[in-house]
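The next block holds one structure in the form of structure tokens; read it before the comments.
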Amino acid sequence: MVTKHDIRNGIRGGVGRFKREVTASFTKEELGALCAELGISDTADPIDSKTTMRQQIRVAAGVADEQESASGGDFSKRELEEIAAAIGVEPVSGDEPEPLF
């Protein structure tokens, strides 16, 4: 069974970021990379909040119709699946980072 952690790691790998061993929500840098992958160009301002970036991602991935009505909270499993599909990533169970040694 694919977990939220697996999906997030698949998305991280899909946007050129490092996968994580532990479950963690996206960092601001990871959200920025995801925005770039989805073609969201108005996130160039480095002070854009994580909430704003999450809203923009939801709209770009087709999860929400407009930014004003989109949630700014963490992504649900269904939303993560839709975001992964939008960037062409197929998450797999047990998607862990490669060992460093």
Taking the stretch 44-71 as the region of interest, how many residues are at pLDDT 90 or above and not in a helix (DSSP H, G or I)?
8
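Do the conditions hold for Ser41, that is, is it more than 22 Å from Asp6 (Cα to Cα), among the polar types (S, T, N, Q) and either in contact with a Lys or Arg (Cβ under 9 Å, 6 or more places away or on another chain) or assigned to a loop (DSSP other than H, G, I, E, B) (or both)?
Details: more than 22 Å from Asp6 (Cα to Cα): yes; among the polar types (S, T, N, Q): yes; either in contact with a Lys or Arg (Cβ under 9 Å, 6 or more places away or on another chain) or assigned to a loop (DSSP other than H, G, I, E, B) (or both): yes.
When the stated conditions are applied, Ser41 passes them.
Restricting attention to the stretch 14-43, which residues are touching a residue at least 60 places away in the same chain (Cβ under 8 Å) and either exposed (fewer than 12 other Cβ atoms within 10 Å of the Cβ) or out of contact with any helix residue (DSSP H, G or I) (no Cβ under 6 Å at 6 or more places or on another chain) (or both)?
Applying the first criterion (touching a residue at least 60 places away in the same chain (Cβ under 8 Å)) to the stretch 14-43 yields 14-15, 18-21.
Across the stretch 14-43, the qualifying residues are Gly14, Phe18, Arg20, Glu21.
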Flagged pairs (Cβ under 7 angstrom, 6 or more apart or on separate chains; first in the stretch 62-73, touching a residue at least 24 places away in the same chain (Cβ under 8 Å); second surrounded by 14 or more Cβ atoms within 10 Å (Cβ to Cβ)) are Gly62/Glu82; Gly62/Ala86
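Per-residue answers, yes or no, for (1) at pLDDT 90 or above; (2) hydroxyl-bearing (Ser, Thr, Tyr); (3) outside any loop (DSSP other than H, G, I, E, B):
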position	(1), (2), (3)
Phe26	yes, no, no
Glu30	yes, no, yes
Ala33	yes, no, yes
Phe75	yes, no, no
Arg78	yes, no, yes
Gly94	no, no, no
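The values are calculated or read from the model by the stated rules, or taken from the named source; none is laboratory data. Treat the numbers as computed from the prediction; the structure is a model and nothing was measured. Don't worry about glycine lacking a Cβ; one is built from the backbone with ideal geometry, like all the others, and counts go over all protein chains shown.
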